[in-house]
1. Counting only residues that are within 25 Å of the chain's Cα centre (by Cα) and part of a loop (DSSP other than H, G, I, E, B), how many does the stretch C:162-189 have?
2. Can you go through A:V268, A:V297, A:V289 and tell me which one is of a type in the set (V, I, T) and surrounded by 20 or more Cβ atoms within 10 Å (Cβ to Cβ)?
3. Answer with yes or no whether C:D63 is in the same structural domain as C:C15 (by TED's automatic domain parsing) and over 29 Å from C:E153 (Cβ atoms).
4. Filter the stretch A:2-59 for residues that are in a loop (DSSP other than H, G, I, E, B), more than 42 Å from the chain's Cα centre (by Cα) and on the phi < 0 side of the Ramachandran plot and give the result.
5. A:S508 versus (1) more than 11 Å from the chain's Cα centre (by Cα); (2) outside the structural domain of A:V409 (by TED's automatic domain parsing); (3) crowded, with 21+ Cβ neighbours inside 10 Å: which is the lone unmet condition?
6. In this structure, does A:A543 turn out to be away from chain B (no Cβ under 14 Å), without any contact (Cβ under 8 Å) to a residue 60 or more places away in the chain and either in a helix (DSSP H, G or I) or under 30 Å from C:L252 (Cα atoms) (or both)?
7. From A:L433, A:L473, A:L459, A:L454, which residue is out of contact with any strand residue (DSSP E or B) (no Cβ under 6 Å at 6 or more places or on another chain), surrounded by 14 or more Cβ atoms within 10 Å (Cβ to Cβ) and hydrophobic (A, V, I, L, M, F, W, C)?
8. When the stretch B:91-106 is examined, which residues are found to be part of a loop (DSSP other than H, G, I, E, B) and either more than 9 Å from chain C (Cβ to nearest Cβ) or within 21 Å of C:L252 (Cα to Cα) (or both)?
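The values are calculated or read from the model by the stated rules, or taken from the named source; none is laboratory data. Bear in mind that the values here come from a model prediction, so they are computed numbers and not experimental data. As a convention, Cβ positions derive from the backbone with ideal geometry for all residues, glycine included, and neighbour counts pool all protein chains shown.
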Amino acid sequence: MTEDVRIGVFVCRCGMNIAKSVDVKALTEFASKLPGVTYAEENQFTCSESGQNSIKDAIKTRKLNRVVVASCSPKLHELTFRRAVSEAGLNPFLFEMANIREHCSWPHMHEPERATEKAKHIVAAAVDRSKYLEEIGEREEPVNPTSLVIGAGVAGIESAIGLADCGFQVHLVEREPVIGGKAVQLGKAFPTEDCGACVSPRAPNLHRRCLYEERITHDPRITLHTLSQIKSLSGHIGSFKARIEKKPRFVREDLCIACGKCEEVCPVEVDNGFDASLNRRKAIYLPFVQAIPHAYVLDAESCNRCGRCIEACPTRAISLNETAKTADLDVGTVIVAVGYDEFDPKGMYEYGKLKDVITQLKLARMMDASGPTCGKIVRPSNGRSPKRISMIQCVGSRDKDTHLYCSKVCCMVALKHARSIKMMGPESEVTVLYKDIRPSGREYEEYYTDCQELGVRFLQGDAREVSLNDGALHLSVDLKSGERTKVESDLVVLTCGLTPPKGLEELSRTLNLSLSPDGFLMEQHPKLAPIDTNMEGIYICGACQGPKDIPESITQAMGTVARASIPMATGKVRIDLAKAVVDESLCIGCANCAEACPYNAIEMVRPGVATVIEVACKGCGVCAAECPARAIELRHYKDRQIFAAVEGVLRGA
Amino acid sequence: MSNANDFEPSIVAFCCWWCAYGAADLAGISKLDYPTNVRIVRVPCTGRVDALHILRAFEEGADGVIVAGCLKDGGCHYVDGNMKAERRVTGLKRSLEAIGLGDQRLEMYFMSAGMPDKFVQSVTQFTEGIRKLGPSPIGRK
Amino acid sequence: MKRIATVSLMSDAGCHIALANLEEKLLELAENVEITHCQILRDEKKIPKNIDVALVEGAVRTDHDLEILSKLRDNSKTLVAFGSCACFGGVPSLCNLTNINELITYVYHQTATTSSGPTPSKNLPLLVERVRPIGELVRIDYMIPGCIPEEKEILGVISAALEGVPFELPRENVCEECQKERKGSLSKDIKRNYENLSDLSRCLLELGYLCVGPSTRAGCGARCPSFNIPCDGCRGPIDARWDQGVSMLDSLAAVAKERMRGFSLKTHSAMFHRYSFASSALQRLISNLDTRKEEM
């Protein structure tokens, strides 16, 4: 420290959150006696306006030049207090937080004496460290009013349209050849029973518009990139650089008129994934009737390169020589809306072995009037209509062997289908085997009552196994009551949970986002920042953040529009300068730091001296640890500051 | 000399801001129990943690030092700072062994911000191990 | 007239030879001060009283060294640590990686050219626990680093000490003075000094030689590298309280994983802490280890 420090310590009771297990009075007393501490007080809620005013007052009246707040995690309120301190005229980096809640009063709430002792150590460390803190400035950076939306399902589309409405440019990137995501496969969606392909009524006069055709393909502000995936993302909020790789469609979108001649002459047939393998498709195909972009696509893996489609095409739109392309996009914000996958129940309940054991997605395809069976439910084994249909709930959810979480929407999926089946054919027997029924959204409980009134049988228990017996499926069940029973069915439908989509882990690494314990993308904070992520400028929405239904996905998508608009509308973002800094007199020019930096933020601008590009530096400090001459330091995490924290936390009382 | 049964180890845990610190936060939010002996020092990335920082902790009386960072294979929020830290810790463990402190008093753990259980399990297991080893022969300065 | 005294503790007397090598300048100095005690210049056995400036060469190895040092400190206004042994422990402080018993056994009984006999002990002072820089035991007012120190620093510090004004040592590292070309990339290999001699206009560290210039205090004009000898750190760390080796060891271990496989603290400390082991971070741990063992 170069000057006399006058440290103010503010200990928070946080209602009872801290006060219950930590003796706040003793802690404040202890803090007041620490060397360098001029003033110490306790507050009920330091983050409140009165708490913050108390800090600001103390700074002025007691001429404090360092502030320590002992309260919750800095992840919550570091910015709050930095702002408060700055408003009182003190540089925000002369502020230090002591985490005595998440790291002390909460985990140790059964040991109040030891919690108080530990809190003293934590506060001592913060006080010691604060002595060595230095003023750090800020800089303003411009924000590119362009957004990258990854994923063109229901949520991604909603987000893209919303952002375009705000006047921003949008790049909508989708890895499939068509937009729509899973919603287009679902047939009718609850509770409004509208067609999954037309989910959102968006026009001012509330006409339904199938698949957003007008907005997504004709809006000049939205650029759609199908068959595209993001390969890398660099930069920071306001100026991200995204590299996307576009796989070849082999069919020119601008020339294809979707006449279907290529499909007619194609000799190759494969299982149709879109229709859950209920039918087959050709190697060159239109994903579904209302596909957007409305163009054929060639599946290079199954194509035998016979070339017949090329000859058949009247507009000469097909070329087998197309290669993958990369494009670099400059954007200011990123929205991630990559959706989910249905849990794959292979190996469970004879799925994969017995043809008549299917999933709800397959059933949805059957029930879709424009689907492979034209709306008729059939037994895949013999094509006949099933009279007895059973549904097993929670397959791949609430299960310690697969996924512990509840997938939220499956009850409604089953109820939706059960109700439709009964309404289409009242004589059919529908049995739903469940653990709990959770119709938690608006108008959802009514589905349940309807189903019961229509005669759907609800059995609470565990499905043991499925076996084939004389052409019928026998489902053995352990009822909750303790009885064992058997349900005979013609068709068994597994209601599978929602899982993170394939490739999410890799994407999270590309974008540097965290995953939750359940494998979905993690939000910054469930209440304070449910749409933000740990990366400033990247927002998430829809099922990739966790299982949810369509109304919720849309709500979250609209939320991303709001969040992303903030930096893009203000046009600038503040970057603090807590970055690496080089002492040129010590630098030997070995470039170890430049090599170690994961963001290429260090350049050897002149030989023998490293220079930090502050805008690109993300403040990790790896360079500082790698330097053989100890010439490069990370502001706010300099050696002296880290040593002080270590010494304080051990010395304590 | 204090009774061996009363020994309460002092453990310093260098936790990376993104993952380990977050996991510790979540452990607190979930009211999970772990030994109070563990004191966290926040760093932006475990890659920032220098051999000198760890040595200073032992000098100041730490009985055990933990370095906790993001999951390996791409989990690090600064790409691979955690891997650099791992290499550094491995090297330092050998030095500590050579000077007679043993290599069990320094350990590195990997976790994500969404893994409070891993945090709790790691620090608890480590603390109990140090408790059995006894106080650091270095003591306080 | 002001009074100067010099002593040699555990040392090779090299610093005293450096003093003698001041030649005419030493004569000039001798005209203006009284040299009351200096082994190479006069035959005086007792430590005099009322000394203005005392220069201490060498580190503390025996209890006799300790006695001389204490007496000198008591009798002097100003005390100067003269040379790297006094400042940081010097090369002999590498003994601290072992213990006294091992040391004596090896030196007197196990070297290839020793025929075993009784360990000498009659009329000999006892070895202290470990080699210590003098600053650990008494207050020092100035230091002159180097093995051997630079002429201008010897004269500069003596004159500053006589006047009672501060003397600033350079705060840069040796690389600042080195004329070798730096291209900005370190070799992935670590080379022994005799291997692959080529392109010697280039930075020796970048070529893969263990040059500890980056963590060594400047002031010598990077003399050794200018003769293509990698700096071995004789002027000690840039700040007396810093560690000279750990950072370099750390970062080189990253660059040359393969060659460091046979890493052993005992061999590699010589490379990175050759002159300053006694004041290194590792030493601080070892010494605390030893004292604690005594208590237990």
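1. Within the stretch C:162-189, the subset within 25 Å of the chain's Cα centre (by Cα) is C:162, C:164-179.
Checking the rest, the ones that are also part of a loop (DSSP other than H, G, I, E, B) come to C:164-172, C:177-179.
Number satisfying all stated conditions: 12.
2. Working: A:V268 fails: surrounded by 20 or more Cβ atoms within 10 Å (Cβ to Cβ); A:V289 fails: surrounded by 20 or more Cβ atoms within 10 Å (Cβ to Cβ).
A:V297 is the lone residue from the list that is of a type in the set (V, I, T) and surrounded by 20 or more Cβ atoms within 10 Å (Cβ to Cβ).
3. On the way: in the same structural domain as C:C15 (by TED's automatic domain parsing): yes; over 29 Å from C:E153 (Cβ atoms): yes.
For C:D63, the condition - in the same structural domain as C:C15 (by TED's automatic domain parsing) and over 29 Å from C:E153 (Cβ atoms) - is met.
4. Keep residues of the stretch A:2-59 that are in a loop (DSSP other than H, G, I, E, B), which gives A:2-6, A:13-23, A:33-36, A:44-48.
Now drop any that are not more than 42 Å from the chain's Cα centre (by Cα), which leaves A:2-6, A:33-36.
Within the stretch A:2-59, A:T2, A:E3, A:D4, A:V5, A:R6, A:K33, A:L34, A:P35 qualify.
5. Only one criterion is unmet by A:S508, namely (1).
6. On the way: away from chain B (no Cβ under 14 Å): yes; without any contact (Cβ under 8 Å) to a residue 60 or more places away in the chain: no; either in a helix (DSSP H, G or I) or under 30 Å from C:L252 (Cα atoms) (or both): yes.
Here the answer is no, as A:A543 does not meet what is asked.
7. Details: A:L433 fails: out of contact with any strand residue (DSSP E or B) (no Cβ under 6 Å at 6 or more places or on another chain); A:L473 fails: out of contact with any strand residue (DSSP E or B) (no Cβ under 6 Å at 6 or more places or on another chain); A:L459 fails: out of contact with any strand residue (DSSP E or B) (no Cβ under 6 Å at 6 or more places or on another chain).
A:L454 is the lone residue from the list that is out of contact with any strand residue (DSSP E or B) (no Cβ under 6 Å at 6 or more places or on another chain), surrounded by 14 or more Cβ atoms within 10 Å (Cβ to Cβ) and hydrophobic (A, V, I, L, M, F, W, C).
8. Going residue by residue through the stretch B:91-106, those that are part of a loop (DSSP other than H, G, I, E, B) are B:100-105.
The answer is B:G102, B:D103, B:Q104, B:R105.
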